[in-house]
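K.L.:
Pasting in a structure now, in structure tokens, and then I'll have a few things to ask.
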Amino acid sequence: LMQLTKKLIEIRTMLLSIDQSDALKLPSIVVIGSQSSGKSSVLEAVVGHEFLPKGSNMVTRRPIELTLIHTPGSTTEYGEFPALGLGKITDFSNIQRTLTDLNLAVPSTEAVSNEPIDLRIYSPHVPDLTLIDLPGYIQIASMDQPDSLKEKIASLCEKYIREPNIILAVCAADVDLANSPALRASRKVDPLGLRTIGVVTKMDLVPAEQGAGILSGNRYPLHLGYVGVVCKPAGKKGKRESSMEAAERGDHDYFGANRDYFGKSSTLMVGTDTLRRRLMEVLESSMASSLHGITNAVQLELEEATYQFKVQYNDRRISAESYVAETVDALKARFKGFTTQFRKPQIRAKLKEMLDEKVMDVLEQLYWLDKRVPELGELANDPKVKPEEVEPYWRHKLDAASSLLTKSGVGRDSTLLVADGLRSLIDSIAQGEPYTFHPRAAERLIQFSHMILRDRIGLTSDQVENCIKPYKYEVEVDDREWEGGRVQAVDLFQKEVEMCETKLKEIRKRVGGSRRLTGLMGYVKTLEEQEKEKKARRLLVPETDSEEGSSTQSEVEYRYPPAQIMDARHAMLYSDRLSVLKLRLAALKSKRCKAGPANDVLCPEAFLNVVADKLAYTAAMFINIELLDQFFYQFPREIDTRLLYDLDRQEIVEFARENPSVRRHLDLQERKDKLEEVMKQLNSLSTLRPDPQPTPRRN
Ligand code: GDP
């Protein structure tokens, strides 16, 4: 029969790990009593060791779920805190210290916490029992305790003394039972005392006759009766006496000396041994009578969980490990998919785009601001001029432009351009699902990808810079390349023309039509001329007062809103740019430019485009070798070694559970598994099941 309690205690522990709902609870013995009633002494006598926190100031602040596991045949005794993962603790003073720490961790402003401490004790000397030790009732809160403490403790106890738990009401023999908060609380929920055992402590402090009177229970009858104990006898204390020995001595001395009242012929229950047996009997019969109800409840819960698992997940099982593996695979696949954006042609096109801008800058700087630029167009359209007869001025200009382009930091800029592309690719992966659920993994992902890039950037940009060096001195262009460059230049210029025209159109609309714009521009032109004149005059006569200048200016500008003046200035820039662009476009389309690279001096745009093409090609080649190949090789390997594979089992579970949908899936699956296991165990008990009869009182 003892097997049944043991099994049911195991099942109780499993059920507690499933959930805390009352429906799935097997009974436990809840120990209540006022402070100093001898509660700890009783528990320690039952366990046989001193292990509870000691001290005058409210040392029990959290419920202790104490599970005793009888281990016959074994010689070791030890405790375990499953939630802490400290392993087996064989030294009971160590258990005491841990419990003290756990209790003191509750801030004194809160004083009590509802969160139970799970402690299991394995020993050949303990019975199979589950006991819950609660903070002792207090009469008056001391100075440093909150006023609400009394109510807080009472409501915590109230929660635990509900059905189906058994109440162990601890009262001291030297205090009137009428004043026992434990009995008062129990009477509220169990008026007939059907599930309350009274424990009367400190029997040695009252005369035997009075003690026997209390135990007979005539004044406050309890169906399960009272047990009298002497756990910590007053007077001399044996040297290095264990709790068990002290209780044995106390019981023996007191009850032995008063055999008339408590001897064999008496029906009173006395002694720690009797108490222990009584607890076992009562718990067992209570467990046995809960068996039917709990089996039904588990069956119902299991059916519900099975149904939900089918409906929500189509019975698909997952594990934290499989989730991690899938996440890694998906990341690699995603990354691989993205790498197509980084093939050589794509990189070349990107770099060319960047170089196109540089070409435009160089052209603007060296040609478009040059007053003589229209001459170039005229030369291009004049069939009589031979290329070698063109003024050296233009040859120098072209050399300068080509060199400016090649020396503009192409190595660094192109490497950074590609590296930034990779970086934002990784960032976009890290910012998307499922990494939104895994911020630490996302951070690691970003960290190591940036690290790989950092390691390669310097080297790559040096390498690119080195390889384009020859173009700084000489660029050879064949006919095919020339025509390609020319077509591209035409294209580029056409786009630029469109851009300028759009801008002008916008401005025209903003200021209110082309007439108005022409007026504005004329006005701004005169303004600029006046300013120039003024500047010239100031240069001639420096002491001229600046006051006059500024007053004239504000006076004139007053005629139009400043925003429109600004628009007019921009419009002038755009139309100047437009006229140059149109001139150059015409030149680029001329017979002369079409004829080939011999006319490079007359068509610098085509030439620079060819140079840009060559630079882009070379840069792309070396960036591919030095940066991309390395990155694409290293990144998946870093995923393996740094992202997830160095996690231990617990970290893997934590990682998987960061994802809410995975967490829900795992929770339901686990719940179903546990319920199945409990159900299996419950079914296997049917052979052990006794008749569910309440244990009668022994007297
Ligand atoms: P708790 O506050 O309810 O846990 O009470 P304790 O177990 O700490 O006991 C309170 C005090 O009563 C301690 O000083 C114990 O030594 C003393 N005490 C406990 N049991 C007995 C007993 O059976 N006889 C006597 N004389 N004193 C006891």
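The values are calculated or read from the model by the stated rules, or taken from the named source; none is laboratory data. The model shown is predicted, which means the values in this text are computed figures rather than measured ones. Glycine gets a Cβ as well: all are built from the backbone with ideal geometry, and neighbour counts include every protein chain shown. The area values use the complete protein model at the heavy-atom level, side chains included, leaving out ligands, DNA and RNA. Shrake-Rupley method; radii C 1.70, N 1.55, O 1.52, S 1.80 Å.
K.L.:
Counting Lys +1, Arg +1, Asp -1, Glu -1, what net charge surrounds Lys88 among other residues with beta carbon under 12 Å of its beta carbon?
P.N.:
Result for the local shell: -2.
K.L.:
Hey, another quick one. Aspartates and glutamates within cross-link reach of Lys88: Cα-Cα under 12 Å, excluding same-chain residues under 8 positions apart?
P.N.:
Glu77, Glu80
K.L.:
So how far apart, in nm, are the two label points at Val328 and Asp462 if each is 7 Å from Cα heading toward Cβ?
P.N.:
It works out to 3.5 nm between the two label points.
K.L.:
Can you tell me the orientation of helix 344-363 relative to the chain, as the angle in degrees between its alpha-carbon axis and the longest Cα principal axis, to the nearest 10?
P.N.:
50 degrees
K.L.:
Which percent of the accessible area of the chain is formed by carbon and sulfur heavy atoms (probe 1.4 angstrom)?
P.N.:
Carbon with sulfur: 52 percent of the solvent-accessible area.
K.L.:
In terms of modelled amide H atoms, which long-range or inter-chain residues lie less than 5 Å from the amide H of Ala172?
P.N.:
Residues meeting the criterion, in which the H sits 1.01 Å from N, are Thr201.
K.L.:
Using a 1.4 Å probe, what is the accessible area per residue for the chain, in Å²?
P.N.:
Dividing the accessible area of the chain by its residue count gives 51 Å².
K.L.:
Sticking with this structure for a sec: Which is the longest part of the chain that has none of the GluC sites (Glu not before Pro) sitting in a DSSP loop with at most 10 other Cβ atoms within 10 Å?
P.N.:
1-473
K.L.:
Let me ask another. Which of the three applies to the range 15-114, rounded, prolate or oblate, going by the alpha-carbon gyration tensor with a ≥ b ≥ c and a/c under 1.5 meaning rounded?
P.N.:
Judged from the Cα gyration tensor, the range 15-114 comes out rounded (a/c under 1.5).
K.L.:
Of Lys344/Lys594; Lys582/Lys614; Lys386/Lys591, which pairs sit farther than 19 Å apart, going by alpha carbon to alpha carbon?
P.N.:
Long pairs (Cα-Cα over 19 Å): Lys344/Lys594; Lys582/Lys614.
K.L.:
State which entries of Lys358/Lys509; Lys371/Lys589; Lys358/Lys469; Lys358/Lys472; Lys503/Lys535 exceed 20 angstrom in Cα-Cα distance in the structure shown.
P.N.:
Over 20 Å Cα-Cα: Lys358/Lys509; Lys371/Lys589; Lys503/Lys535.
K.L.:
Now for a separate question. In degrees between 0 and 90, to the nearest 10, how far off the longest principal axis of the chain does helix 514-540 point, with axes built from Cα atoms?
P.N.:
That works out to roughly 80 degrees.
K.L.:
With each pseudo-label sitting 7 Å past Cα toward Cβ, what's the Asp479-Met499 distance in nm, one decimal?
P.N.:
Inter-label distance under the simple model: 3.4 nm.
K.L.:
Compute the length gained on full extension between Glu676 and Ser216: take 0.36 nm times their separation in residues and subtract their Cα-Cα distance, giving the result in nm to one decimal.
P.N.:
Difference between extended and current length: 161.0 nm.
K.L.:
If ligands, DNA and RNA are left out, what is the accessible area of Leu583 with a 1.4 Å probe, given in Å² to the nearest 10?
P.N.:
Probe radius 1.4 Å; accessible area of Leu583 about 80 Å².
K.L.:
Still on this structure, please answer the following. Any lysines with Cα under 24 Å of the Lys202 Cα? List them, leaving off those in the same chain fewer than 8 positions away.
P.N.:
Within the straight-line limit of under 24 Å, Lys202 reaches these lysines: Lys39, Lys54, Lys232, Lys236, Lys237, Lys239, Lys264.
K.L.:
Of the beta bridges DSSP finds with both residues in the chain, what % are antiparallel, to the nearest 5?
P.N.:
The answer is about 25 percent antiparallel.
K.L.:
Between Asp629 and Glu163, what FRET efficiency follows from the Cβ-Cβ distance if R0 is 56 Å, with the result rounded to 0.05?
P.N.:
Between Asp629 and Glu163 the formula returns 0.20.
K.L.:
List the relative contact order of the chain as a percent without decimals, with contacts defined as Cα pairs under 8 Å and 6+ residues apart.
P.N.:
Answer for the chain is 17 percent.
K.L.:
Tell me, what HN-Hα J-couplings in whole Hz come from the Karplus equation 6.51 cos²θ - 1.76 cosθ + 1.60 at θ = phi - 60° for each residue of the range 89-99, using x for Gly and Pro?
P.N.:
With coefficients 6.51, -1.76 and 1.60, one gets 10, 8, 8, 5, 5, 5, 4, 4, 5, 4, 4 Hz.
K.L.:
Amide H neighbours of Ile132 under 5 Å, counting only residues 5+ apart in sequence or on other chains, H built in-plane at 1.01 Å?
P.N.:
Ile29, Val30, Val31, Leu66
K.L.:
With runs of 4+ DSSP H residues as the only contributors, calculate the mean residue ellipticity of the chain at 222 nm using -39,500 (n - 2.57) per run, divided by the residue total and rounded to the nearest 500.
P.N.:
It lands at -20000 deg cm²/dmol.
K.L.:
Given charges of +1 on the Cβ of Lys and Arg and -1 on the Cβ of Asp and Glu, with all other atoms neutral, how large is the dipole of the chain about its Cα centre, in debye to the nearest 20?
P.N.:
960 debye
K.L.:
Next up: Find out how many positive minus negative residues lie around Pro383, taking Lys and Arg as positive, Asp and Glu as negative, among other residues whose Cβ is under 10 Å from that of Pro383.
P.N.:
+3
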